[in-house]
Amino acid sequence: MTPGWFHSVPGALGRRWGRSRLEAVGVLLQACMGAGTVPGLLNGLVGEKTFLQHQLDRVLVAFDRPQCVVVTTELPENRVIHGICNHLGVPCYVGDRYDALGNCLRAARRQRFRSALMIRADSPLIDPALMVRAMAEYLRCGEGSCYVTNRLRRTYPAGMEVEITGVDTLQEAFLAAHRRSEEHTSELQSHSFI
């Protein structure tokens with residue numbers, strides 16, 4: 001497979017909507033100081049900018065500022081992320097440390113995105129053209145339940161992963177994960193030796 005291959009799955013994660021045009025596509029940049037390849041990397045300086053600023057610069061080549069939201073958690077070490085976002089005028093959603101999918105869903109809903117392109121903040125060299133290409137593939141699909149990614153079959157180097165789907169599909173995934181979690185918890189309780 002040649003580099004640049006995207007895998008799109010029409011309707012794979014949800015019902016078919018038959019929409020020919022999807023609007024309000026936004027970027028969810030998942031950021032956490034303690035996670036990723038190198039903990040604390042996001043606040044590290046390269047030149048006079050943090051890694052997070054460099055990545056936001058790259059995202060803002062492809063998307064307007066209101067179309068981008070940084071998603072982080074309430075952990076004390078992540079306050080620096082909120083500060084960087086405030087300084088740059090980029091929206092920041094602060095959520096529960098144990099609910100990454102729920103945080104992305106709530107951030108997308110708060111920004112009124114209909115679809116979300118998700119990337120991780122520990123990838124400061126992500127190519128803006130890659131984000132635009134993923135969005136074009138997603139919009140070509142024409143369905144909110146379509147899932148487009150380059151993660152299923154790796155053809156790009158690490159740090160170039162993107163995923164895009166409809167916010168309603170994120171909701172379905174969140175609810176399914178929550179149901180599985182509840183089932184697993186009740187299963188654990190029924191097998192408890194306490």
Residues of segment 136-159 that turn out to be open to solvent by less than 40 Å² (accessible area, probe 1.4 Å) and of a type in the set (A, V, I, L, M, F, W, C), as a count: 3
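Between V38, V69, V80, which is outside any helix (DSSP H, G or I) and out of contact with any Pro (no Cβ under 8 Å at 6 or more places or on another chain)?
Numbers: V69 fails: out of contact with any Pro (no Cβ under 8 Å at 6 or more places or on another chain); V80 fails: outside any helix (DSSP H, G or I).
Of the residues listed, the single one that is outside any helix (DSSP H, G or I) and out of contact with any Pro (no Cβ under 8 Å at 6 or more places or on another chain) is V38.
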Residue in segment 74-133 that is least open to solvent (accessible area, probe 1.4 Å), counting only those that are among the aromatic types (F, W, Y) and touching a residue at least 12 places away in the same chain (Cβ under 8 Å): F113
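Just checking, how many residues over segment 145-166 are assigned to a loop (DSSP other than H, G, I, E, B) and among the aromatic types (F, W, Y)?
To start, the set of residues in segment 145-166 that are assigned to a loop (DSSP other than H, G, I, E, B) comprises 145-146, 150-162.
Right, trim to among the aromatic types (F, W, Y) and you get 156.
Adding up the residues that qualify gives 1.
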Number of positions in segment 43-63 that are open to solvent by 10 Å² or more (accessible area, probe 1.4 Å), part of a helix (DSSP H, G or I) and out of contact with any Ser or Thr (no Cβ under 6 Å at 6 or more places or on another chain): 8
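The values are calculated or read from the model by the stated rules, or taken from the named source; none is laboratory data. Computed from a prediction, not measured in an experiment: that's the story for all the values here. No Cβ is skipped: glycine too gets one built from the backbone with ideal geometry, and neighbour counts run over all protein chains shown. For accessibility, only protein heavy atoms count, side chains too; no ligands or nucleic acids. Shrake-Rupley method; radii C 1.70, N 1.55, O 1.52, S 1.80 Å.
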